Amino acid sequence: MPKPVLAIVGRPNVGKSTIFNRIVGERIAIVEDKPGVTRDRIYSSGEWLEHEFFVIDTGGIEISDEPLLGQMRAQAELAIQEADVICFVVNGREGLTAADEEVSQILQRSKKPVVIGVNKMDDHSMHEKIYEFYSLGIGEPLPISGSHGLGIGDLLDHLATHFPKDIEDKYDESTIRMSLIGRPNVGKSSLVNAILGEERVIVSDIPGTTRDAIDTPFTKDDQEYVVIDTAGMRKRGKVYESTEKYSVLRALKAIERSNVVLCVINAEEGIIEQDKKIAGYAHEAGRAVVIVVNKWDAVEKDDKTMREFEQKIRDHFLYLSYAPILFLSAKTKRRVQHLLPVVNEVMESHNLRVQTHVLNDVVVDAVTMNPTPTDHGGRRLRIKYTTQVSVAPPTFILFVNDPELLHFSYRRYLENKIREAFGFIGTPIHIMARKKND
């Protein structure tokens, strides 16, 4: 089930970033007592009781040639596009302002559920100040203090009641769902068309012309697939450029629904930092990954070019050492025919389950070749038993004498040995240690 999206909206300096940090449980957003200090598009995952969700802090959206009210209006409208529920933050100490009323009207017209958090209510003596916010007509204003964490639980309780309930996956379990993620203008839509063999998606050289997330089901050689193409922005160019990180949120939502993620890189432009960030989300989500280098037709090549480019990818994407790399051109359709067989292969690896006795033989052999490490006190890690507990991604548990003795480097060594024995092409594998008493 896709995670719902919570957006935090409000005028500058009402404490949006502080509340964001409280909700996600870590200090991600930059917090400073100056309006407009949240410089980046901030998003993360949050959990509350049985709910998991994405949360976005809109403070980083700045449209440079718009007045402040226009910027706030753009922030609110973008949040409305992306969010399932909106947390509207106001400053209780300053009271209701004309800007609050303007944002409130935009939010109410959206018909999206909105919960008002009246921030900076640091003690009960200040709570009477919340009453004027009833006039916004949105519902009960909730007193909170982002800096002290007061009332955040009640706020989340109210927000969670508006999360979508039981969104059914409309595709059969055997259907391979693959999403295409990457920066604007890497050729995702052109690649969808090349895969399908027909012009099913609008293609343009202008970044951000894909207007909606598009699910395209198709069948090839009796295998059913769904291509999930991440959307661009609906706003005019300057708003799109200022809010590019919203495309990352959409990529996150697409990854959540996917089995296989195609990380598309523009061969003409090479690798940039944003490519690494976007690919990192797929890895962290435990999805199978294929790195697709598009526009390979536009690169001047000799007999070393592909090998050198592949090495650059390996150097930049160290955490994706398991991902196959495919060079192709969506425009000319050259090598596109190799893509689905690779997708099938990584999907098979993603769901591969290894017999326990075979797995233990591999681990025993690995330990024989390279004995387990010891700590400073001379205690040695002893692996008593290994089993695979799940697939998608393949996850293994080592029952050991002390989990603290499993050093990162030895975990990586065991992962490499398991990959050598069973392949696991294109999928992350997780190895965890659990204590087993004698």
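All told, Arg287 falls short of being more than 30 Å from Thr387 (Cα to Cα) and out of contact with any Pro (no Cβ under 6 Å at 6 or more places or on another chain).
What strands (runs of 3 or more DSSP E) lie completely within the range 369-438 and have 2 or more residues being under 19 Å from Arg287 (Cβ atoms) and touching a Ser or Thr at 6+ places or on another chain (Cβ under 8 Å)?
In the range 369-438, 383-390, 430-435 are the strands (runs of 3 or more DSSP E) which contain 2 or more residues that are under 19 Å from Arg287 (Cβ atoms) and touching a Ser or Thr at 6+ places or on another chain (Cβ under 8 Å).
Look at Thr175 and say whether it is surrounded by fewer than 19 Cβ atoms within 10 Å (Cβ to Cβ), of a type outside the set (A, V, I, L, M) and within 28 Å of Asp222 (Cβ to Cβ).
Details: surrounded by fewer than 19 Cβ atoms within 10 Å (Cβ to Cβ): yes; of a type outside the set (A, V, I, L, M): yes; within 28 Å of Asp222 (Cβ to Cβ): yes.
Yes, satisfied.
For first residues located in the range 372-393 and farther than 27 Å from Gly426 by Cβ, partners that are among the β-branched types (Val, Ile, Thr) and open to solvent by 40 Å² or more (accessible area, probe 1.4 Å) and lie 6+ apart or on another chain with Cβ distances below 6 Å form the pairs Arg380/Thr374. Only residues that are crowded, with 18+ Cβ neighbours inside 10 Å and not acidic (Asp, Glu) were counted in the range 402-421, giving 5.
For beta carbons closer than 6 Å, sequence separation of 6+ or different chains, a first residue in the range 175-192 that is at positive phi and a second that is outside any loop (DSSP other than H, G, I, E, B), the qualifying pairs are Gly182/Lys188; Gly182/Val264; Gly187/Asn294.
Cβ-Cβ distances below 7 Å connect the following pairs, each with a first residue in the range 314-330 that is under 14 Å from Leu262 (Cβ atoms), a second residue that is hydroxyl-bearing (Ser, Thr, Tyr) and open to solvent by 30 Å² or more (accessible area, probe 1.4 Å), and a separation of six or more residues or different chains: Ala330/Ser190.
Answer yes if at least one residue in the range 150-157 is of a type in the set (Gly, Ala, Ser), buried (at least 16 other Cβ atoms within 10 Å of the Cβ) and closer than 30 Å to Ala267 by Cβ, and no otherwise.
No, the range 150-157 contains no residue that is of a type in the set (Gly, Ala, Ser), buried (at least 16 other Cβ atoms within 10 Å of the Cβ) and closer than 30 Å to Ala267 by Cβ.
For the range 404-438, the tally of residues that are closer than 20 Å to Ala392 by Cβ and of a type in the set (Ser, Thr, Tyr) stands at 1. Entry remark, the range 300-352: residues being more than 19 Å from Ala288 (Cα to Cα), touching a Phe, Trp or Tyr at 6+ places or on another chain (Cβ under 9 Å), open to solvent by less than 30 Å² (accessible area, probe 1.4 Å) and of a type in the set (A, V, I, L, M, F, W, C) number 2 in total. For the range 377-390, filtering for residues that are open to solvent by less than 50 Å² (accessible area, probe 1.4 Å) and touching a helix residue (DSSP H, G or I) at 6+ places or on another chain (Cβ under 7 Å) leaves 5.
Met369 meets the conditions (1) surrounded by fewer than 17 Cβ atoms within 10 Å (Cβ to Cβ); (2) closer than 30 Å to Val290 by Cα; (3) not β-branched (Val, Ile, Thr) in every case but one. The failed one is (2). Applying a threshold of 6 Å to beta carbon distances and a minimum spacing of six or more residues, or different chains, the list of pairs starting in the range 114-126 at a residue that is on the phi > 0 side of the Ramachandran plot and of a type in the set (Phe, Trp, Tyr) and ending at one that is modelled with pLDDT of 80 or more and surrounded by 15 or more Cβ atoms within 10 Å (Cβ to Cβ) is empty.
Against the condition part of a loop (DSSP other than H, G, I, E, B), open to solvent by 10 Å² or more (accessible area, probe 1.4 Å) and among the hydroxyl-bearing types (Ser, Thr, Tyr), how does Ser190 come out, does it pass? So that I can check it myself, show each step before the final result.
On the way: part of a loop (DSSP other than H, G, I, E, B): no; open to solvent by 10 Å² or more (accessible area, probe 1.4 Å): yes; among the hydroxyl-bearing types (Ser, Thr, Tyr): yes.
Criteria not met by Ser190.
The values are calculated or read from the model by the stated rules, or taken from the named source; none is laboratory data. Everything numeric in this text was worked out from a predicted model, so none of it was measured. Neighbour counts run over all protein chains shown; Cβ positions are idealised from the backbone, glycine included. Just so you know, the surface numbers come from the protein's heavy atoms only, side chains and all, with ligands and any DNA or RNA stripped out. Shrake-Rupley method; radii C 1.70, N 1.55, O 1.52, S 1.80 Å.
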